[in-house]
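Colleague: So that we are looking at the same thing, I have put the structure below in structure tokens.
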Amino acid sequence: MLLQITDLSVEFTTMQDRIEALHHVSLSIDEGEIVGIVGESGSGKSVTALSILGLLEKNAVIKSGRILYRGTDILRLDKKELQALRGKEIGMVFQEPMTALHPTMRVGDQLAEVIARHRQLSRKEAYAQAVKSLEEVHIREPEIVARKYPFELSGGMRQRVVISLAMAAPPQLLICDEPTTALDVTIQHEILKLMKELSVKRGTAIMLITHDLGVVAELCDRVAVMYAGEIVETGRTAEVLQNPGHPYTRALIGALPDLADPAEPLHAIGGELPDLRSRPEGCIFAARCASVIPPCREVRPQLQPVRPDQGHEHQVSCWVR
Amino acid sequence: MKPLIELKGVHKYYGKGKQRIAAVRDVTFQIEAGETFGLIGESGSGKSTLGKMLIGLEPPSEGEVRYAEKALWKGQSFHRPRPGEIQIVFQDPQSSLDPRMRVKEIILEPLRALPRLERLEKGGEERLHALIRRVGLKEEHLSRYPHEFSGGQRQRIAIARALITDPAFVILDEPTSALDVSVQAQVLNLLKELKQERNLTYLFISHNMSVIRYMCERMAVMCKGEVVETGTADEIFRTPSHPYTQTLLASLPSIFRDKRVEANV
Amino acid sequence: MSTALAEASVRRRTVNPFWYKLKKNPLALLGAGILAVILLLSLAAPLLSSYDPTKINIIERFAPPSAKHWFGTDEVGRDIFTRILYGARLSLGVGAAVVLTAGCIGTVIGAISGYVGGRVDQLIMRVMDMVLAFPSLVLAMAVAATLGPNLLNAMLAIAIVKIPVYVRLARAETLAVREKLFVQAAVTFGIPGWRIIGTHILPNVVSPVIIQVSLDIGDAVLAVATLGFLGLGAQPPTPEWGAMISVGWKYFLDYWWYPAFPGLFLFLASCGFNLIGDGVRDILDPKAAR
């Protein structure tokens, strides 16, 4: 087990309220595995990523839980240890590539600097490595691109550079928060292919945060569906997408337009996200659920195997079976 | 039948001399009354620029833009057909509603450009209430401010604002791109229903193939300022002829390509 | 990483973060406290003192501070405490009036300049640059001297000098607001430009202007006093702080209380405004935030 999150709850304090952004979240990632966390805005998927990276805002409090990375609890590390871990073991890629790049430094120099730091190479060797790593992320004419500044590159190129920066160490775990959301579909497709390729080649595990089920289907071995700060369903991607067990997952899939049958009206989810200042007693999705039954509003369901006879991987927190 | 919208040899350049960039190159297509016409393209393809030409925000550099057989642009000046005849819904409901106005003022704003009598008639309390309910909001929301609403609700307000003048033609510029999928589904369904009820003609601009597929009867594919393919959505999705369209379709995540109806809710 | 918070937070927000932060800034609160006390004193002047601020009483001239005259009397026997209180009304009122006038005029000009753009914008901004190129006090002195030394002209002079600041501020804000989709939407409805400026631009540029106004009142109070001190502002016997100091400082060695108390109040008021100003600036400057 590379990363194991157990029972993680995170609370934000704003000026007047407390908002529980994560509620008893448990999730694990194996070495080399690609796990998707999918959810809409307010689901807590980004908060999960930021907790692992130790990048939560100051007004966030970890109320319970552990995040074990190869047996060490990340939540107990001090600032320095965390930083070392982030640079070396855990890489990150965010939605907006410009936030990760130095705006006035040539791409090749930025890469070389990181590579030199991690592999104890001379400037020159590191620069040669940098050009090589640009080639690895399928940048054509890497020598020319290495001499450019980030603003001279397109969004897709920038994201490739960021990925190559994040992979420089190379890390054991790459956390990607909406890495392709700002990109065009054709480029998104290529970046996803690239991530998969790098993961297989280097044995890097990837945690992919996204709102897009399509991206999950494309890339991930396993998926966790989050809603309002809770994981409501988890399992093999194909299994979850083909036989979704939770009404929310079903609704999410139903809300996607169908290319084969455009006449079919989309299944929208009625209502709005619940007020996270006070969680309801029962199931978090009950208020918007189409198949709600009496216990849903009273007792909170736990993640349970959908078909215990067929293994424990596909789990769902729902009373309706 | 004469088309409602006609674009003929439309160009748009920015900059001068060597710096000149063509944002739109030689675009020609027509939109029939009563249809939803999709315009798909990636960022920088010029699709939004075309939308702006139709609504009067950007003059074309060359070519003709006609609405109901009348030229919309004479040189740099825009000739509005009838105030409120053409309306637009923008992508970002965060910025398209004035944060300092109440919902009621926002929705009624387009009426200010109308003659007094028509303004009074269309701005009547009853009509306003019916409209706000129709787009899925409540009367009590009228006295609130935009920041009190979610993205989907704000987009509903923007739709109500576009419909208050009883337009014939509505430009939808990426109306659901900023929304979550479940909310996107609500808004798309609403737009489809409203079109039926009010006999609207839509220009639906989007970068999202599956959304275009769901909404449109006919469509044009744009790439780097040019229209590379025009046709019915059925044709284009079944047998894309231009390589760019083929790439676009191939880039769609597989979940869209073989999504089964078994995901019934 | 505001996304994380935005994602987690519920959309409705009722507490204005600006006031919330201001309340947590002790120095700004101190400043506000000082000003509140001065303001209350000046408003309650008739209750606190039975003297007439302009009535001459030669017999009691240059009386030192005592139970009868808390801050002593001046060269014609007027009670200095009373004059300071009435002077506070004048100084604070005039300061606020000057800045508000400049703020209103400047904002409208700036909004028009920014929204219309092109040649109009060029012309307006070059004129404003010219005004800004002069040292403001020198310019105010020149204007006041040309128009004739009295309080109204001094106010006018300071207002003119302040206008460009607001024009620039409002113009910069307008340029940002103009690009917002709601303004674009209004254009597509066919609403005329002047109306868009009135309904969309002005309401959305006033907040920074109001903050700037609050920061500038202190300056204006000081400027009015300066012109008064130089004899270009309020004329005796008006109980204006600058004019009082101007006359009083000649007697400083023999009758220290005469210039000292008006000076002290001018100092306190100026301090109060500056403390609030610093607090506001801290809150608005993201770099200064911890």
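The values are calculated or read from the model by the stated rules, or taken from the named source; none is laboratory data. These figures come from a predicted structure and were not determined experimentally. Note that we place each Cβ from the backbone using ideal geometry, even for glycine, and neighbour counts take in every protein chain shown. These accessible areas exclude ligands, DNA and RNA; they are computed on the full protein's heavy atoms, side chains included. Shrake-Rupley method; radii C 1.70, N 1.55, O 1.52, S 1.80 Å.
Colleague: What does the range C:78-284 give for Rg and for Dmax, in Å, if only its C-alpha atoms count?
Modeller: Taking only Cα atoms of the range C:78-284, I get Rg and Dmax of 20.0, 73 Å.
Colleague: Looking at chain C as a GNM with Cα springs under 10 Å, which of C:VAL183, C:VAL280, C:VAL131 has the largest mean-square fluctuation?
Modeller: Evaluated over chain C, the most mobile residue of the options is C:VAL183.
Colleague: Separate question: Using a/c under 1.5 as the rounded threshold, could you call the range A:97-168 rounded, prolate or oblate? The axes a ≥ b ≥ c are square roots of the C-alpha gyration tensor eigenvalues, and prolate needs a/b larger than b/c, oblate otherwise.
Modeller: Values: a/c = 1.62, a/b = 1.43, b/c = 1.13.
Taking the square roots of the gyration eigenvalues as a ≥ b ≥ c, the range A:97-168 is prolate.
Colleague: List for the range B:185-212: residues with 20 Å² or greater reduction in accessible area, all protein chains versus chain alone, probe 1.4 Å?
Modeller: Buried by the other chains: B:ALA185, B:GLN186, B:ASN189, B:HIS207, B:SER210.
Colleague: Right, another one. What dipole magnitude, in Debye to the nearest 20, does the protein assembly as shown give about its Cα centre under +1 on Lys/Arg Cβ and -1 on Asp/Glu Cβ?
Modeller: Working: 99 positive and 93 negative charges, 305 e Å.
For this selection, approximately 1460 debye.
Colleague: Further question on the same structure: From Cα pairs below 8 angstrom and at least 6 apart in sequence, can you work out the relative contact order of the range B:5-257, rounded to a whole percent?
Modeller: Working: 449 pairs, mean separation 67.3, N = 253.
Rounded, it is 27 percent for the range B:5-257.
Colleague: So how many Å³ per residue does the convex hull of the Cα atoms of chain A work out to? Don't jump to the answer; show the numbers that get you there.
Modeller: On the way: hull volume 49.0 nm³, N = 321.
Roughly 153 Å³ of hull volume per residue.
Colleague: Indicate the residues belonging to the range B:85-107 that lose 40 Å² or more of solvent-accessible heavy-atom surface (probe 1.4 Å) upon moving from the chain alone to the assembly of all protein chains, ignoring ligands and nucleic acids.
Modeller: Residues of the range B:85-107 that lose at least 40 Å² of accessible area once the other chains are added: B:PHE90, B:SER95, B:ASP98, B:ARG100.
Colleague: Continuing with the same structure: Ordering C:TRP241, C:TRP256 by how much accessible area each has at a 1.4 Å probe, largest first, what is the list?
Modeller: Working: C:TRP241 0, C:TRP256 125 Å².
Result, largest first: C:TRP256, C:TRP241.
Colleague: List, largest first, the extents of the alpha carbons of the range A:151-271 along their principal axes, each in whole Å.
Modeller: 44, 29, 25
Colleague: For the pairing of chain C with chain A, what total accessible surface becomes buried, with a 1.4 angstrom probe, in square angstrom to the nearest 100? Provide the component values of the computation, followed by the final result.
Modeller: Values: alone 16150 and 16040 Å², together 30750 Å².
So the total buried area for this chain pair works out to about 1400 Å².
Colleague: Hey, which aspartates and glutamates would be in cross-link range of A:LYS124, C-alpha to C-alpha under 12 Å, not counting anything within fewer than 8 residues on its own chain?
Modeller: A:ASP109, A:GLU113
Colleague: Accessible area of chain A with a 1.4 Å probe: how many percent of it is carbon plus sulfur?
Modeller: On the way: 6950 of 13710 Å².
Carbon and sulfur: 51 percent of the exposed surface of chain A.
Colleague: Give me the accessible area per residue for chain B, probe 1.4 Å, as a whole number in Å². List each step's numbers first, then the result.
Modeller: On the way: 11210 Å² over 265 residues.
For chain B, the per-residue accessible area is 42 Å².
Colleague: I'd like the accessible area for C:SER66, computed on protein heavy atoms only with a 1.4 Å probe and all protein chains in place. Round to 10 Å², please.
Modeller: 50 Å²
Colleague: Tell me whether the range A:228-321 comes out rounded, prolate or oblate; compute the Cα gyration tensor, take square roots of the eigenvalues as a ≥ b ≥ c, and use a/c under 1.5 as the rounded threshold. Intermediate results must be reported in sequence, preceding the final value.
Modeller: Numbers: a/c = 2.07, a/b = 1.13, b/c = 1.83.
It comes out oblate by the Cα gyration axes.
Colleague: What quantity of accessible surface, computed with a 1.4 Å probe and excluding non-protein components, is buried in total between chains B and A, in Å² to the nearest 100?
Modeller: On the way: alone 13880 and 16040 Å², together 26610 Å².
Buried surface at the B/A interface: approximately 3300 Å².
Colleague: If you don't mind, there's one more thing I want to ask. Over the range B:5-257, what percent of the accessible surface lies on carbon and sulfur atoms, probe 1.4 Å? Could the numbers behind the result be given before it?
Modeller: Values: 4730 of 10220 Å².
After summing per-atom areas, the C and S share lands at 46 percent.
Colleague: Could you tell me which of rounded, prolate or oblate describes chain B, using a ≥ b ≥ c as the square roots of the eigenvalues of the alpha-carbon gyration tensor, with rounded for a/c under 1.5 and, failing that, prolate when a/b is larger than b/c and oblate otherwise? Walk me through the intermediate numbers first.
Modeller: On the way: a/c = 1.78, a/b = 1.20, b/c = 1.49.
Oblate, since a/c reaches 1.5 and b/c is not below a/b.
Colleague: A drop of at least 10 square angstrom in accessible area, chain alone versus all protein chains together, probe 1.4 Å. Which residues of the range C:138-181 meet that?
Modeller: SASA drop of 10 Å² or more in the range C:138-181: C:LYS180, C:LEU181.
Colleague: Also, quick follow-up: Name the most mobile residue of C:PRO192, C:PRO237, C:PRO259, meaning the one with the largest mean-square fluctuation, in a Gaussian network model of chain C with Cα contacts below 10 Å.
Modeller: C:PRO192
Colleague: Kindly report the accessible area of the range A:212-321 per residue (heavy atoms of protein chains, probe 1.4 Å, no ligands, DNA or RNA), in Å².
Modeller: Working: 4590 Å² over 110 residues.
I get 42 Å² per residue for this part.
Colleague: What value does the range B:83-240 have for Rg/Rh, both radii from Cα atoms and Rh as Kirkwood defines it? Don't skip to the end; give the middle numbers.
Modeller: Values: Rg = 16.4 Å, Rh = 16.5 Å.
Rg/Rh for the range B:83-240 comes to 1.00.
Colleague: Which value in deg cm²/dmol, rounded to the nearest 500, describes the helix-derived mean residue ellipticity at 222 nm for chain A, given -39,500 (n - 2.57) per DSSP H run of n ≥ 4 and division by the residue count? Walk me through the numbers before you get to the answer.
Modeller: Details: 10 runs with 102 residues, N = 321.
The helix-only estimate for chain A comes to -9500 deg cm²/dmol at 222 nm.
Colleague: Any idea of the total accessible area buried by the B-C contact, 1.4 Å probe, rounded to 100 Å²? Write down the numbers at each step before the final one.
Modeller: Numbers: alone 13880 and 16150 Å², together 27990 Å².
The B and C chains share an interface burying roughly 2000 Å².
Colleague: What FRET efficiency do you get for A:ASP275 and B:LEU57 if R0 is 30 Å and r is their Cβ-Cβ distance, rounded to the nearest 0.05? Can you show the working numbers first?
Modeller: Working: r = 39 Å, r/R0 = 1.30.
Computed FRET efficiency for A:ASP275 and B:LEU57 comes out at 0.15.
Colleague: Which of C:MET141, B:ILE157, B:ILE236 sits closest to the plus end of the dipole of the protein assembly as shown, meaning its Cα is farthest towards the positive end, when Lys and Arg get +1 and Asp and Glu get -1 on the C-beta?
Modeller: Most positive-ward Cα: C:MET141.
Colleague: Let me ask another. Could you check how much of the accessible area of the range C:78-284 is carbon and sulfur, as a whole percent, using a 1.4 Å probe? Each step should come with its number before you reach the end.
Modeller: Details: 6100 of 8650 Å².
Reported share for carbon and sulfur atoms: 71 percent.
Colleague: By accessible area of protein heavy atoms, probe 1.4 Å, what ranking do C:PHE261, C:PHE189 get, highest first?
Modeller: Order by accessible area, largest first: C:PHE261, C:PHE189.
Colleague: When ligands, DNA and RNA are left out and all protein chains stay put, how many square angstrom of accessible area per residue does the range A:97-168 have with a 1.4 Å probe? Numbers along the way, then the final one.
Modeller: Numbers: 3720 Å² over 72 residues.
Per residue, the range A:97-168 has 52 Å² of solvent-accessible surface.
Colleague: If you don't mind, another one. What whole-number distance in Å separates the alpha-carbon centres of the range C:32-86 and the range A:245-279?
Modeller: 74 Å
Colleague: For the protein assembly as shown, give me the percentage of DSSP beta bridges that are antiparallel, rounded to the nearest 5 percent. Could the numbers behind the result be given before it?
Modeller: Values: 51 of 87 bridges.
Taking every DSSP beta bridge within the protein assembly as shown, about 60 percent pair in antiparallel fashion.
Colleague: Over the alpha-carbon set of the protein assembly as shown, divide Rg by the Kirkwood Rh and report the Rg/Rh ratio to two decimals.
Modeller: Working: Rg = 33.3 Å, Rh = 31.8 Å.
Ratio of gyration radius to Kirkwood radius for the protein assembly as shown: 1.05.
Colleague: Do any trypsin sites (Lys or Arg not before Pro) in the range A:57-166 lie in a DSSP loop with no more than 14 other beta carbon atoms within 10 Å, and if so, which? Show your work: numbers first, answer last.
Modeller: On the way: sites: A:LYS58, A:LYS63, A:ARG66, A:ARG70, A:ARG76, A:LYS79, A:LYS80, A:ARG86, A:LYS88, A:ARG106, A:ARG117, A:ARG119, A:ARG123, A:LYS124, A:LYS132, A:ARG140, A:ARG147, A:LYS148, A:ARG158, A:ARG160; in loops: A:LYS58, A:ARG70, A:ARG106, A:ARG140, A:ARG147, A:LYS148.
Sites meeting the loop and neighbour criteria: A:LYS58, A:ARG70, A:ARG140, A:ARG147, A:LYS148.
Colleague: Just to confirm my numbers, what's the Cα centroid distance between the range B:46-92 and the range A:285-312 in Å?
Modeller: Result: 52 Å between the Cα centres.
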